[in-house]
Amino acid sequence: MKKLVQGNNQTIFDRISDRLFLLMLQYLNRKALKNLQKDTANAAQVQHQVLIEIVKLQQNTEYGKNYNFATIKSVTDFKKRHPLTTYEDYRSLIENIANIGNFNQLVAEPIILFQEIAGTTGPTKLIPRSLSDLSVRWQDIIPIHCRIYQEKAHQ
């Protein structure tokens, strides 16, 4: 039954599996594009919602308590309570978390890895990543991989 398809080393089951995978990626691509278009049309509202979700999630961390995140209900509240910052404002805290492991100083979820990034100037930076942070990033990346897979499949 696993007869090879003529002129190809793939079995018929491999070809069906590849086709199902491609159909799944196409579905995810359409869904992600639709979500992106909807979010783009309502960018200010989406950004406000994301900010409030992040502040609420982080309100019980040491950092959240320092800036009274529990009382922040709007972008205006956030601007009043939280100063503009750069990576340098977080560097010692992030390095402390990397060395000691007390992630709750800054974030509510466990840090599963530190991503090293480097620009053209300045020292390397450590970016703490949680599981949910990475899963959200993958949701954004799937459509890109879908397009790459589609292009390769049609070559």
Sole exception among (1) farther than 24 Å from S130 by Cβ; (2) surrounded by 12 or more Cβ atoms within 10 Å (Cβ to Cβ) for K56, by number: (1)
Test: residue in the stretch 76-98 that is of a type in the set (A, V, I, L, M) and over 22 Å from R129 (Cβ atoms): yes
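Each row is one residue, and each column tells you yes or no for (1) at pLDDT below 55; (2) more than 16 Å from T61 (Cα to Cα); (3) in contact with a Ser or Thr (Cβ under 6 Å, 6 or more places away or on another chain).
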position	(1), (2), (3)
A118	no, yes, yes
K125	no, yes, no
D133	no, yes, no
D140	no, yes, no
H145	yes, yes, no
Residue that is surrounded by the most Cβ atoms within 10 Å (Cβ to Cβ), among those in the stretch 80-114 that are touching a Pro at 6+ places or on another chain (Cβ under 9 Å) and among the charged types (D, E, K, R): R91
Could you tell me which residue of the stretch 14-35 is nearest to S74 (Cα to Cα), considering only residues that are free of Cβ contacts under 8 Å to residues at least 40 places away in the same chain and aliphatic (A, V, I, L, M)? M24
State whether the residues of the stretch 123-131 include one that is within 27 Å of T40 (Cβ to Cβ), in contact with an Asp or Glu (Cβ under 6 Å, 6 or more places away or on another chain) and without any contact (Cβ under 8 Å) to a residue 40 or more places away in the chain. yes
Between a first residue in the stretch 105-118 that is farther than 22 Å from E53 by Cβ and a second residue that is part of a helix (DSSP H, G or I), which pairs have beta carbons less than 6 Å apart while being 6 or more apart in sequence or on different chains? F114/A98
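The values are calculated or read from the model by the stated rules, or taken from the named source; none is laboratory data. Keep in mind that what you see is a predicted model, and the values were worked out from it rather than measured. Glycine also receives a Cβ, built like all others from the backbone with ideal geometry; neighbour counts cover every protein chain displayed.
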